[in-house]
1. Pull up the range 136-194, narrow it to residues that are assigned to a helix (DSSP H, G or I) and among the acidic types (Asp, Glu), then point me to the one that is farthest from residue 217 (Cα to Cα).
2. Among the numbered conditions (1) within 24 Å of residue 226 (Cβ to Cβ); (2) without any contact (Cβ under 8 Å) to a residue 24 or more places away in the chain, tell me where residue 72 comes up short.
3. Would it be correct to say that residue 102 is touching a residue at least 12 places away in the same chain (Cβ under 8 Å), surrounded by 14 or more Cβ atoms within 10 Å (Cβ to Cβ) and more than 21 Å from residue 185 (Cα to Cα)?
4. Within the group 26, 65, which residue is within 24 Å of residue 227 (Cα to Cα), in the same structural domain as residue 108 (by TED's automatic domain parsing) and modelled with pLDDT under 95?
5. Across the range 146-175, what is the total count of residues that are within 30 Å of residue 17 (Cβ to Cβ) and either in contact (Cβ under 8 Å) with a residue 12 or more places away in the chain or aromatic (Phe, Trp, Tyr) (or both)?
6. Please enumerate the residues belonging to the range 119-150 that are within 16 Å of the chain's Cα centre (by Cα) and farther than 23 Å from residue 191 by Cβ.
7. Can you name every one of the helices (runs of 4 or more DSSP H) wholly within the range 5-99 that holds 3 or more residues which are farther than 19 Å from residue 180 by Cβ?
8. Could you please let me know if residue 147 is modelled with pLDDT of 95 or more and outside the structural domain of residue 186 (by TED's automatic domain parsing)?
Amino acid sequence: MSISNENTAAHRLHTLLQSVRNSGESSLGAAWCKVLDAEWNSGDFVRRHAEVTVLLQMTIRQISSLPERSRLRYERHVADWWGAVMQPLHNWNDGTRAPAIMFNEDKLDHLESAADLISGHLVGSGAAPRATNLEEMSRQCNEWVDLLTAMEDSEINGPVRDALVSQIRHLIWLIENSDLFGTARVAEEASAVIGSLTQAGATLVNVEPGNASRWKKAFLGLIAACVVFNQAAPVFQGAITAGESLVKEISAVAEHISPDGE
């Protein structure tokens, strides 16, 4: 399991904005299309750029967790970062407004500095996960999709099931695009998925014994995958190896939990 040092939403936001600035394109729209690898005004472009705004939101929230002196220093630059992400529509395809001119490099340097501070302050949490290997989390997510789509309306409310499947598929999409949006964004969405599954689990009725057992196993497995991903030991290889086996161990224990909790 590899370890990441540039592991926050702010790091990823800085990388994206710096890439837009250095894209060599003459317009903002063309630069974002190049960086996001999506056609202008397409659904894919909108979806990807929306994730950039989420990275900005996460950055603003995490800056608020810093010691007061640091928080106040970096909050002065938030409006500039927001302006780099959100531009009036007429600016997007204006060839006289090249990103290299519009994006102030000093402001981006402040963003990178904030990212490093956030990483040091929140390392090991979902805001700054230590690991980069998402294979186990992806596997757990796909198991959840299989389980939920196999459950009948008599076991789980249909709209609740559909919402969960949609949310988990979005998490899978983020995992597949983690090179673009980063691992902190994945960890953030994974936490939201776990919260949704917890709420849904409290409402289940008349669940088939096999599905009840699968639910418990999958729930513990996803939590374990998130813990291993967020808190992977950054120094000792033995601890990393142990962390990778944690998911399998918890899943093995869960297999012995009967549907009625005995």
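The values are calculated or read from the model by the stated rules, or taken from the named source; none is laboratory data. Because the structure is a prediction, the values reported are computed rather than measured. Here the Cβ is made from the backbone with ideal geometry for all residues, glycine too, and neighbour counts use every protein chain on show.
1. Among those that are assigned to a helix (DSSP H, G or I) and among the acidic types (Asp, Glu), it is 179.
2. (1)
3. Values: touching a residue at least 12 places away in the same chain (Cβ under 8 Å): yes; surrounded by 14 or more Cβ atoms within 10 Å (Cβ to Cβ): yes; more than 21 Å from residue 185 (Cα to Cα): yes.
The answer is yes for residue 102.
4. Exactly one of 26, 65 is within 24 Å of residue 227 (Cα to Cα), in the same structural domain as residue 108 (by TED's automatic domain parsing) and modelled with pLDDT under 95, namely 65.
5. The total comes to 9.
6. Within the range 119-150, none qualify.
7. Output list reads 43-63, 68-75, 78-85, 89-92.
8. no
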